[in-house]
Amino acid sequence: MPPLDAAGLPRSDVRHGFLRTPMISRRHFLATTGLAFIGLQRVALSASAPGRNAELLGPLVPDPARILDLPEGFRYVLLSKRGEMMADGFRVPGVPDGMAAFPGPEETIVLVRNHELALSMSGIGPFDNNLRLPDKLDPALCYDPGENGREPHFGGTSNIVFDPQEGRVVRQFLSLTGTDRNCAGGAMPWGSWITCEEPEDLVTPRGQRHGWCFEVRATAEPGLQKPVPLKALGRFRHEAVALDPATGFLYLTEDRNDGLLYRFIPGEKNDFTRGRLQALAISGKPKSDLRHYDPAANWPVEGEAMQATWIDLDEVEAPKDDLRFRGFEGGAARFARGEGIHFTKEGIFICCTDGGPARRGQIFRLKPSGKADQPDELTLFIQSGEDDLLTNGDNLCAGPWGGLVVCEDLVDARFASRTCLRGITPDGRMFTIARNGLDNTEFAGSCFSPDGRWLFANMQVRGLTVGITGPWEKITGA
């Protein structure tokens, strides 16, 4: 084992290597971000069935560097590490979370990456002194610069420009700052990322209010972007968003154990500055509890479709942090920590991290009708039990084989000693793609390159961003 630094990382920068990849096209980009369409069909399997666990890529090979254990034939590159100096003179912020990959200039890939940094995490922010805004930074480019530049917020996003041919990072830089705990978000087909704030505290006044979404362009050249909150999308503990490109409706999750699932209908397609914010309700069962914490409830039932309608919400800027309470009282359904959300041809898949009687997580599938005034269909796609591979799914993305990749975020250390990136096939089988080589801290930000050759992910607590490549066709042919 090579010597490790204080963060448990190898001091050497030598990694497993990389494979060459062909030119990226925008068509492939749309096909691999989930903004185009993949097929995912559900097999009737029980909620805790060893029969739906599979070893499609073979056993994992332990990594001597203790970063990633991968199947034979797969390799990874360490793209970024917390604290490294970036091209703009700032440091790589810690706590990387949600992320998306976009086609960049000259066959590069641009990753837009969230950083879930709270005000208290001053030791791992982007500045040499995170208690004060740097003199060289224009306060107008920081959403919440604090009082006279003291104690600014330093959550936000950074962009990574990656050369897939050489398997190396060209540059990385800060793209948004001054926000609070940017958790996840969603890729937009016009080349931008909607980043979501998930503040701990939404009621104590301090400078700017937080709990918004912001749009960040997938730029390849260093430069901070002006942060403009999309207040029409509501103020709550946002997690992620998914766009239905056919209708322009945006779907939003809320990371709370009594959160709602939201839908935004823009006044004009692709304009998120005005429109209607709604919450999902189950027809005939107002104020439904979909968390299924009580095993005696026997509802919702895995694989059984429910009719979903939407109720309008008012006072969406919610200064009292009561939007979910008012929505529930109006008939909306409760979810168990809605986190990752992703659009596919077969519906919108939503991870609820600690749902179900075992608190091991749920994945719902919402099939939109395509009409604002028509009911949709909601199904409990997977409810993980003790025998399932997948535990506590968080971020997720579409896989090039026509299934899903799900990042684990273990909510109970007794569940497993290591977190994993899990895959789900079109017929509902679960398999392991990668395992944390050191501990059980969470994966986040899974996303594929535009050509489907590279899978990118963040190792949040360790402050790492990695790229994985290998024979993905093994899954397609399984």
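Per-residue counts of other Cβ atoms within 10 Å, averaged by peptide: what ranking do you get for 189-196, 338-345, highest first?
On the way: 189-196: 22.9, 338-345: 25.4.
Put in order of decreasing packing, that is 338-345, 189-196.
Sorting check: for 328-335, 233-240, 281-288, which peptide has the highest mean count of neighbouring beta carbons within 10 Å, and how do the rest follow? Working shown, then result.
Numbers: 328-335: 20.4, 233-240: 26.9, 281-288: 16.8.
Highest mean packing first, the order is 233-240, 328-335, 281-288.
Per residue, how many Å² of accessible area does region 252-360 show with a 1.4 Å probe? Spell out each step's value before the answer.
Values: 4300 Å² over 109 residues.
Here the per-residue accessible area is 39 Å².
Among the listed pairs Lys345/Lys474; Lys367/Lys474; Lys287/Lys367, give every one whose C-alpha distance is greater than 27 Å.
Numbers: Lys345/Lys474 22 Å; Lys367/Lys474 29 Å; Lys287/Lys367 20 Å.
In this structure, Lys367/Lys474 exceed 27 Å between Cα atoms.
Report summary: the helix-based calculation at 222 nm, which adds -39500 (n - 2.57) for every DSSP H run with n ≥ 4 and divides by the residues of the chain, gives -1000 deg cm²/dmol.
Using only the alpha carbon atoms of region 214-366, find the Kirkwood hydrodynamic radius as the inverse mean reciprocal pair distance, in angstroms to one decimal. After inverting the pairwise mean of 1/r, the radius is 16.2 Å.
Ignoring solvent entirely, what values of log10 I(q)/I(0) come out of the Debye formula for the chain at 0.10 Å⁻¹ when each Cα is a single scatterer? Scattering profile of the chain, log10 relative to I(0): -0.68.
Work out the length of the dipole vector of the chain about its Cα centre, built from +1 on the beta-carbon of each Lys and Arg and -1 on the beta-carbon of each Asp and Glu, and round it to the nearest 20 debye.
It works out to roughly 520 debye.
In the chain, Cα pairs under 8 Å separated by at least six residues give a relative contact order of 19 percent.
Where the convex hull is taken over the Cα atoms of region 118-226, what is its projected area averaged over directions, in nm²?
Details: hull surface 30.4 nm².
Dividing the Cα hull surface by four gives the mean projection, 7.6 nm².
Surface composition of the chain: carbon and sulfur make up 49 percent of the accessible area, probe 1.4 Å. When each of the peptides 241-251, 265-275, 82-92 is scored by how many other beta carbons lie within 10 Å of its residues on average, the order from highest to lowest is 241-251, 82-92, 265-275.
The values are calculated or read from the model by the stated rules, or taken from the named source; none is laboratory data. The structure displayed is predicted, hence computed values, not measured ones. Cβ: placed from backbone, ideal geometry, glycine included. Neighbour counts: every protein chain shown. Surface areas here come from the heavy atoms of the whole protein model, side chains and all, with no ligands, DNA or RNA. Shrake-Rupley method; radii C 1.70, N 1.55, O 1.52, S 1.80 Å.
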